[in-house]
Amino acid sequence: MALTFDDGPRPQWTPMVLDTLAEHRVPATFFLVGERARRHAAVLRGRMGEHEVGNHSWAHHDLTRMDAATVHDDLSRSHDAIVAATGSAPRLLRPPWGHLGGAVLHAAARLDYRVVLWTLQMVEREFPHDPVGHARRIVANVRPGTILLGHDVGDERRLVALRGLPDMIAGLRAPGYTFVTVSDLLRRASGPGAAR
């Protein structure tokens with residue numbers, strides 16, 4: 001399964017996520033907002049070696065409301081900021097809110113991005129002040145090949161999921177799940193013997 005985090009980086013939350021992942025030796029894929037990556041580059045520097053980065057737009061605006069040239073410029077600007085902050089070039093795109101349209105797909109193709117959404121999302125507001133309960137809910141719903149969407153920024157309620165990460169990781173490892181980046185998951189799915 002692949003663990004993903006959107007909307008960062010932010011100094012208040014991203015280091016907590018990176019610390020938890022490092023402690024448990026879990027790789028993840030971070031879909032970064034370019035403007036935030038530029039502003040908070042110090043949060044990422046030297047910490048993304050085991051992780052993968054993806055593009056999540058320049059300023060988290062709805063790309064489907066823009067024309068093709070504007071979307072391409074937005075994603076290119078974000079791409080450059082992510083490379084400068086992390087030293088890694090994103091090859092994946094997750095548009096804000098998962099909104100897709102022709103201009104988004106066209107820009108993704110021009111930039112040689114693979115568009116990635118998710119199959120399961122953290123449901124923080126259903127478990128206020130209950131990180132363990134939230135972790136149990138996620139563990140119960142993961143299936144082989146799951147791409148799990150979380151966030152490393154947001155309002156206070158989202159901290160429920162981040163505080164429950166250690167329990168979620170342990171709960172998923174117990175039945176034998178392993179954590180990989182999205183690109184590794186997609187490679188495995190399209191490799192020899194993969195279902196078509």
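Numerical summary
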quantity	calculated
Surface share of carbon and sulfur [accessible, 1.4 angstrom probe, percent] for segment 126-196	54 percent
P(r) histogram, all alpha-carbon pairs of the chain included - 10 Å bins from 0, percent	9, 36, 36, 16, 1
Zone residues, segment 105-131, relative to residue 67, backbone N less than 20 Å from point 7 Å out along Cα-to-Cβ	105-111
Contact order normalised by residue count of the chain, Cα under 8 Å, 6+ apart, percent	28 percent
Per residue value of the accessible surface for segment 128-196 (all protein chains in place, 1.4 Å probe), Å²	52 Å²
Inter-label distance for residue 23 and residue 126, nm, one decimal - labels placed 7 Å from Cα along Cα-to-Cβ	2.6 nm
Peptides ranked, highest mean first, by Cβ atoms within 10 Å: ranges 134-141, 17-24	134-141, 17-24
At least 24 Å along the helix axis (C-alpha) and Kyte average at least 0.0, DSSP helices within the chain	68-86
Listed residues 99, 129 arranged by accessible area, highest first, probe 1.4 Å	129, 99
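The values are calculated or read from the model by the stated rules, or taken from the named source; none is laboratory data. Remember, predicted model here, so these are calculated numbers, not experimental data. All Cβ positions, even for glycine, are placed from backbone atoms using ideal geometry, and neighbour counts span all protein chains on display. Accessible surface is based on the protein model in full, side chains and every heavy atom, while ligands, DNA and RNA are left aside. Shrake-Rupley method; radii C 1.70, N 1.55, O 1.52, S 1.80 Å.
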